[in-house]
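Below is one structure, written out as structure tokens; comments come after it.
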Amino acid sequence: MSRIADTFARLRQEGRKALIPFFTAGDPDPASCVPVMHALVAGGADIIELGVPFSDPMADGPVIQRSSERALRNGVSLRDVIGWVAEFRKTDSQTPVVLMGYANPVEAMGEERFAKVAREAGVDGVLVVDYPPEEAHNLVGILDAAGLDTVFLLSPTTSDARLREVAALGRGYLYYVSLKGVTGAANIDTAEVSRRLQHIRGFTGLPVGVGFGIRDGETARAVAQVADAVVIGSRLVQELEAAPARAAPRAQAFLAGIRTAMDGSKAA
Amino acid sequence: MRIYDLPDAKGHFGPYGGVFVSETLISALEDLKAAYARFKGDPAFHAEFEYELKHYVGRPSPIYHARRWSEHFGGAQVYLKREDLNHTGAHKINNVIGQALLARHLGKPRVIAETGAGQHGVATATIAARYGMECVVYMGSEDIKRQAQNVYRMKLLGAAVVPVESGSKTLKDALNEAMRDWVTNVENTFYIIGTVAGPHPYPMMVRDFQSVIGKEALEQMPEVAGRQPDAVLACVGGGSNAIGIFHPYITHEAVRLIGVEAAGYGIETGKHSATLCAGRAGVLHGNRTYLLQDENGQIVETHSISAGLDYPGVGPEHAWLKDSGRAEYVAVTDDEALEAFHKLCRLEGIIPALESSHALAYAAKIAPRMRPDQILLVNLSGRGDKDMHTVAEKSGLNL
């Protein structure tokens with residue numbers, strides 16, 4: 001079993017939901033990446049989604065765009081990001097790491113080579129935002145062979161035919177994007193999310209995480225009641241943006257607040 | 001090549017094209033694909049499109065024999081397809097009318113567009129005014145500074161021009177921002193892409209609307225020149241005017257197809273926009289194509305004297321035409337384009353757009369080595385009024 005599957009199995013036994021923070025590797029600065037990862041684990045992260053910066057993040061809102069630009073100004077490459085995962089793994093062999101980014105840096109490295117070095121570094125999963133299932137068969141084959149999970153997005157407008165395709169190709173977990181729009185957009189309608197998740201579960205046994213629009217402990221708690229995992233990205237990136245010199249402690253404190261609120265959901 | 005029926009059902013031109021977007025955009029693209037398939041076969045839709053092209057745009061655009069310019073070369077005869085005479089001054093409007101009609105049939109009251117030099121933005125603002133639609137144009141803040149006149153033109157026509165501050169603050173970032181708007185407002189909004197890039201079905205749809213250029217040329221050339229040309233030349237940024245004139249000629253194998261990119265200060269300087277000549281395959285803006293990128297797969301900033309060619313990608317069909325060998329792609333520098341610009345002004349009384357001047361410059365290179373009975377057809381994709389400031393500045397004048 002993969003580290004991701006192990007993690008979800010353990011959480012299920014404990015009756016808890018996964019908390020998955022996202023931030024862009026190399027923002028606010030390259031030296032902070034590994035410390036922020038450890039701080040997130042200390043703050044209650046079960047899985048880390050590590051953003052690989054790209055010059056043209058078409059699916060992201062202004063907060064993550066800015067973080068991507070800062071990371072690129074810091075000269076961060078996919079190679080660096082994979083290197084930081086290897087460093088993180090020296091002292092954390094438990095927490096799964098999923099690389100999240102766009103297709104072109106992966107293709108520029110070469111999918112085979114990417115799969116090999118990512119696996120060796122201790123990466124567990126990969127989410128390529130602009131690879132819908134239609135275009136992802138080749139990558140899934142390569143990542144499968146390397147023992148890496150390919151994570152896919154689902155949206156409120158994903159048709160049943162596509163749900164079937166995603167369910168067949170997806171590994172580790174599925175990431176349900178709760179809103180139309182880009183990352184960091186407006187508010188989430190948890191009743192609607194709950195209905196959609198029920199529908200999605202008719203197609204897949206994979207855990208389903210929910211992200212986009214989760215802004216605070218309250219929304220995280222509400223989402224945790226219906227989803228297997230809560231993904232929080234733009235709000236965390238805003239925290240790092242606000243306190244670049246204290247990125248790690250700020251990340252830990254912020255995530256701990258979300259964790260506490262979320263775990264309160266057991267009683268609800 | 002007897003038949004040519006690309007793209008395939010999933011939008012692929014060989015290994016290029018496709019749909020490389022986030023899941024959040026997929027259903028909008030599927031809806032668009034279905035709608036376009038419906039209207040593509042609908043005679044009433046075509047009649048409407050053709051009516052607009054004739055009565056609003058002024059089509060067909062003439063083909064003009066540039067006699068004095070040809071004599072100057074002492075070689076091939078050069079003919080110009082006069083897209084510069086279209087309403088709004090360029091080929092862009094052909095495609096905008098097609099997409100705006102589609103938007104109207106789909107009941108979308110709001111249209112959005114990206115623009116670099118402002119020509120596509122002006123065309124979109126024009127049609128939005130004509131059809132009474134709300135119009136928002138995304139434009140890089142760097143481009144807004146360089147193209148103040150077109151910004152004002154769009155505002156006169158009632159469009160809102162939104163400055164884009166992300167990334168390099170140019171065309172590619174405007175496209176990113178327009179996509180973000182579309183994914184957020186897809187219920188009431190139609191995204192009118194200005195070139196043959198973007199996810200399927202855009203490259204196919206824009207090509208189909210622009211193919212009117214080549215279809216007319218196929219009919220006109222025997223009348224005005226007695227036969228089809230030996231070569232068709234067009235400038236290539238995203239590649240919409242080029243694909244528009246190339247596409248109907250693809251199956252006419254005796255006709256060479258030559259796409260001319262912007263070599264800027266020279267390809268060796270790294271400051272250029274010659275994607276097909278100097279780039280390599282990758283994924284950007286929803287399709288796989290040639291890109292100008294660094295070794296880490298980040299998209300690099302481009303340069304051209306003509307804002308309309310200043311784009312780090314290129315339509316996927318051009319990538320395929322290059323690899324398959326059916327079309328050739330070359331590049332000319334800013335200076336070569338400027339020289340052709342001035343020559344056409346002085347010898348033919350036509351002020352060409354700087355974009356189109358790239359195609360003219362390559363014609364000027366090859367025409368002298370050809371026989372007088374040979375024929376070049378150049379797509380004069382736009383007129384140069386918008387470029388007065390740039391050209392004057394290059395000549396040391398401040399207007």
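A short reminder: the numbers here are calculations on the coordinates, not readings from a lab. All figures in this text were calculated on a predicted structure; none of them were measured in a lab. For neighbour counting, all protein chains shown are included, and Cβ atoms are generated from backbone atoms with ideal geometry for every residue, glycine included.
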For this session: Evaluate the relative contact order of the stretch A:1-139 (contact order divided by residue number), counting alpha-carbon pairs under 8 angstrom at least 6 apart; express in whole percent.
Result: 27
For this session: Return A:Cys33, B:Cys135, B:Cys277, B:Cys345 ranked ascending by Cβ neighbour count within 10 Å, so the fewest neighbours appear first.
Result: B:Cys345, B:Cys277, B:Cys135, A:Cys33
Exercise. Relative to the longest principal axis of chain B, what angle (0 to 90°, nearest 10) does the C-alpha long axis of helix B:334-348 take?
Worked result: 70
Exercise. For chain B, what's the relative contact order in percent, using C-alpha pairs closer than 8 Å and at least 6 residues apart?
Worked result: 21
Exercise. Using the Cα gyration tensor of chain A, with a ≥ b ≥ c the square roots of its eigenvalues, what is the shape: rounded (a/c below 1.5), prolate (a/b larger than b/c) or oblate (neither)?
Worked result: rounded
Exercise. Around B:Ala197, what is the net charge, scoring Lys/Arg as +1 and Asp/Glu as -1 over all other residues with Cβ under 12 Å from its Cβ?
Worked result: +1
Problem set entry | the stretch B:189-265: trypsin sites (Lys or Arg not before Pro) falling in loop per DSSP and having at most 13 other Cβ within 10 Å | B:Arg227
For this session: Report the charge-dipole magnitude of the stretch A:181-253 in Debye, nearest 20, computed about the Cα centre from +1 at each Lys and Arg Cβ and -1 at each Asp and Glu Cβ.
Result: 80
Exercise. For A:Lys116, which lysines qualify as cross-link partners when the Cα separation must be under 22 Å and same-chain residues fewer than eight apart are set aside?
Worked result: A:Lys90
Seminar exercise, completed: For chain B, longest principal axis from Cα atoms; helix B:354-366 axis from its Cα atoms; angle between them, nearest 10 degrees, is 30
For this session: Return the subset of B:Lys54/B:Lys386; A:Lys17/B:Lys10; B:Lys40/B:Lys271 for which the Cα-Cα distance in this structure is over 31 Å, preserving the input order.
Result: A:Lys17/B:Lys10; B:Lys40/B:Lys271
For this session: Work out the FRET efficiency for B:Ala254 and B:His105 from their Cβ-Cβ distance, taking R0 = 51 Å, and round it to the nearest 0.05.
Result: 0.85
Seminar exercise, completed: DSSP beta bridges in the stretch B:195-302: the antiparallel percent, rounded to 5, is 55
Seminar exercise, completed: One would report the antiparallel percent of DSSP beta bridges in the protein assembly as shown, rounded to the nearest 5, as 20
For this session: Using a cut-off of 10 Å between beta-carbons, work out the net charge of the residues near B:Ile93 (Lys and Arg +1, Asp and Glu -1, B:Ile93 not included).
Result: 0
Problem set entry | Average Cα contact separation per residue, the stretch A:3-263, under 8 Å, 6 or more apart, as relative contact order % | 25
For this session: At 7 Å along the Cα-to-beta-carbon direction for both B:Ala225 and B:Glu165, put a label point, then send me their distance in nm to one decimal.
Result: 5.0
Exercise. What order do you get for A:Val193, B:Val330, A:Val128 when you list them from fewest to most C-beta neighbours inside 10 Å?
Worked result: B:Val330, A:Val193, A:Val128
Problem set entry | Packing-based exposure ordering (other Cβ within 10 Å, fewest first) of B:Met179, A:Met109 | A:Met109, B:Met179
Problem set entry | Beta bridge orientation in chain A: antiparallel %, DSSP, nearest 5 | 0
For this session: Hand me the GluC sites (Glu not before Pro) from the stretch B:133-188 located in a DSSP loop with no more than 10 other Cβ atoms within 10 Å, in residue order please.
Result: B:Glu187
For this session: Classify chain B as rounded, prolate or oblate from the Cα gyration tensor: take a ≥ b ≥ c as the square roots of its eigenvalues, call it rounded if a/c is under 1.5, otherwise prolate when a/b beats b/c and oblate if not.
Result: rounded
For this session: Compute the Cα gyration tensor for the stretch B:45-141, then decide on rounded, prolate or oblate, letting a ≥ b ≥ c be the square roots of its eigenvalues: rounded whenever a/c is under 1.5, prolate when a/b is larger than b/c in the other cases, and oblate in all that remain.
Result: oblate
Exercise. For the protein assembly as shown, what is the charge dipole size about the Cα centre, in debye to the nearest 20, if Lys and Arg each add +1 at the Cβ and Asp and Glu each add -1 at the Cβ?
Worked result: 560
Exercise. Cα axis of helix B:92-105 to longest principal axis of chain B: angle in degrees, 0 to 90, nearest 10?
Worked result: 20
Exercise. B:Lys145: which aspartates and glutamates have alpha carbons under 13 Å from its alpha carbon, excluding same-chain residues fewer than 8 sequence positions away?
Worked result: B:Glu165
Problem set entry | trypsin sites (Lys or Arg not before Pro) within the stretch B:52-126, DSSP loop, no more than 14 other Cβ atoms inside 10 Å | none
